[in-house]
Amino acid sequence: MIQQILFFMVLATAGYFITKRIGFIRSTIRLGKKVDIDDRKDERMKNVLLVAFGQKKMFKKFIPAFLHLFIYVGFLVINLEVLEFVIDGLAGTHRIFAPYLGSFYTVLMNTFEFLAVAVLTACVIFLVRRNILKTRRLNLPDLTKWPRMDANIILFTEVILMIAILSMNAADQILQTRDDHYTPTGSLFFSSFLLPIFQNIETATLILIERIAWWFHIIGILAFSVYVTYSKHLHIFLAFPNTYFAKLDPRGEMTNMPVVTNEVKSMLGLADANAPATVTEPGRFGAKDVNDLTWNNLMAAYSCTECGRCTEQCPANITGKKLSPRKIMMDTRDRMEDIGKSLQTGGPGLNDGKTLLNDYITKEEINACTSCNACVEACPVLINPLEIILELRRYVAMEESGSPASWNAMFQNIETSFAPWKFSPSDRFNWSKES
């Protein structure tokens, strides 16, 4: 009974912190502008199935994708075993499903163990790639000390959790031959390799080892669940809504401001008589802070995996410019977190004297972007850093008139001569006469 009460307290504590954190994330995402995304539902579900569930975009590089798939499938399937842990913990039972599933339980347990070994192997390889082989995209300057440590913490934790479950199963198999309380599971292939380690240990000590491994695994899973909500690994959950609400328009198509588009059409005599009347006050042009972005832009920031594929493909970054699409998403998330924490403590929130532009993301960064969409194409969960970059750049151009002088000259030429170059539109085709 004491164990059951203790387990319930641990479960309730984890549930409390997870619920609290989810509420915080939801409130920070709602800082963004409202936008209705309810079109083309079939295409959106297809993205969820192929990109989020199917890991489609990961397989551009087969080896890391294959290893990631092991971790992903292992995370989903092994957690089915956690259901048995929870029931056993609350009911005071031991392997409650075993008597009902019979030999199929042995098959399931061997499947779980195979995936546990696969996850363990993949995590070790990823640790080596990050810390010994120094894969470039995982060691770029924009990935500062904490994000690097965060990834290592997660990988190391997963290794320890998999060792714990294999050790528990090995101790359990020996106890099945010594104590009737332990339900027979049948032969478990992978954990059987650990049997010689535990074979000569006294029963009382072995029971203690089995219980410690059981508690370590379940507490580790619950602690991991809480930690994930603070980590880049939040993408485990947010990848699904992010791929559903991702932009479906062609990647090269930029989003215009309706109020500006309608005004230009009106000036050119192209306005649609049936179009709804536009508001007289357009509000802010572009984005200066996170509340000027849309809620799905902010959700994308929380969905970022920090994998660096976007930055690795960015031509501006490759040529030594300061722009890193990964940093754009991380900075946006950091700004949201700072505002949320401020509001939680009764602080000024958005009115803290800081803004996303300038205090987190510099003009030098956004001006380096070529709008090539390489980052959008590279992202494995359909995040679009370009949308945020363009909104920030739009603010600088339209609200501050702060674009580089050469850009302003180009803007003026387009406005007066309908081309980036300063010559009369009537002379545009003179080149065709030079023959």
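Read-outs throughout are calculated quantities, based only on the coordinates presented, and are distinct from any laboratory measurement. Keep in mind it's a predicted model, so treat the numbers as computed, not measured. Methodologically, a virtual Cβ is constructed for each residue, glycine included, from the backbone with ideal geometry; neighbour enumeration extends over all protein chains shown.
Counting charges near T183 (Lys, Arg +1; Asp, Glu -1) among other residues having Cβ under 10 Å from its Cβ returns a value of -1. L350 to S401: extension gain in nm, 0.36 nm per residue of separation minus the Cα-Cα distance? Extra length available between L350 and S401 comes to 16.0 nm. Remark: the Cα gyration tensor places segment 1-53 in the oblate category, a/c being 1.5 or greater and a/b not exceeding b/c. About its Cα centre, segment 258-420 has a charge dipole of approximately 260 debye under the convention of +1 per Lys or Arg Cβ and -1 per Asp or Glu Cβ, with nothing else charged.
For segment 3-140, count the residues as N, evaluate 2.2 N^0.38 Å, and divide the Cα radius of gyration by that value, please.
Values: Rg = 20.2 Å, N = 138, 2.2 N^0.38 = 14.3 Å.
Rounded to two decimals, the normalised Rg is 1.41.
One entry in [x] 24.0; [y] 25.4; [z] 22.7 is Kirkwood radius over Cα pairs in Å calculated from the shown coordinates; its label is [y]. Relative contact order of the chain: 19 percent, from C-alpha pairs under 8 Å at least 6 residues apart in sequence. With K and R counted +1 and D and E -1, the other residues having a Cβ less than 13 Å from that of M162 yield a net charge of -3.
Measuring max minus min along each principal axis, the C-alpha atoms of segment 258-420 give extents of 48, 43, 30 Å (largest first). Reported to the nearest whole Å, the Cα centre-to-centre distance from segment 144-158 to segment 86-111 is 33. With R₀ fixed at 60 Å, the C-beta to C-beta distance from R148 to K265 puts the FRET efficiency at about 0.75.
Within segment 128-185, the trypsin sites (Lys or Arg not before Pro) that combine a DSSP coil assignment with at most 13 other C-beta atoms in a 10 angstrom radius are K134, R178. Each of W215, W146, L195 was placed along the dipole of the chain (beta-carbon charges, centred on the mean Cα), and the one lying farthest toward the positive end is W146.
Ordering M398, C369, Q313 by the projection of their Cα atoms onto the charge dipole of segment 258-420, which places +1 on the Cβ of Lys and Arg and -1 on the Cβ of Asp and Glu, puts Q313 at the extreme positive end. Site pair W431 and A419 shows an inter-label distance of 0.7 nm when each label is modelled 7 Å from Cα along Cα→Cβ.
Relative to one another, the C-alpha centroids of segment 173-216 and segment 299-341 are positioned 47 Å apart. By the combined test of axial Cα extent (at least 30 Å) and Kyte-Doolittle hydropathy (mean at least 0.5), the qualifying DSSP H helices of the chain come to 2-29, 62-91, 103-131, 145-176, 203-228.
Over the Cα atoms of segment 62-166, Rg to Rh with Kirkwood Rh, two decimal places?
Value, to two decimals: 1.09.
Segment 1-32 and segment 121-140 have their alpha-carbon centroids 32 Å apart. Neighbour counting of Cβ atoms within 10 Å sorts the residues S225, S167, S424, S192, fewest neighbours leading, into S424, S192, S225, S167. How large is the Kirkwood hydrodynamic radius of segment 205-244, counting all unique pairs of alpha carbons, in Å? Final number for the Kirkwood radius of segment 205-244 is 11.9 Å.
Taking amide hydrogens as placed 1.01 Å from N in the peptide plane, the amide H of K33 sits under 5 Å from those of L293, T294, W295, each at least 5 positions away in sequence or on another chain. Residue order for H181, H233, fewest other beta carbons within 10 angstrom first, comes to H181, H233. The alpha carbon gyration tensor of segment 303-361 gives principal lengths a ≥ b ≥ c with a/c of 1.5 or higher and a/b no greater than b/c, which makes the shape oblate. Charge dipole of segment 69-193 (Cα centre as origin; +1 on each Lys and Arg Cβ, -1 on each Asp and Glu Cβ, all else neutral): 860 debye, rounded to the nearest 20.
Neighbour counts of other Cβ atoms within 10 Å put S303, S403, S324, S103 in the fewest-to-most order S103, S403, S324, S303.
Here each label is just a point 7 Å from Cα along the line to Cβ, and for E337 and F8 those points are 3.6 nm apart. Only Cα pairs under 8 Å and 6+ residues apart enter the sum, and on that basis the relative contact order of segment 258-420 stands at 28 percent.
Here the chain is treated with +1 on each Lys and Arg Cβ and -1 on each Asp and Glu Cβ, and its dipole about the Cα centre works out to around 880 debye.
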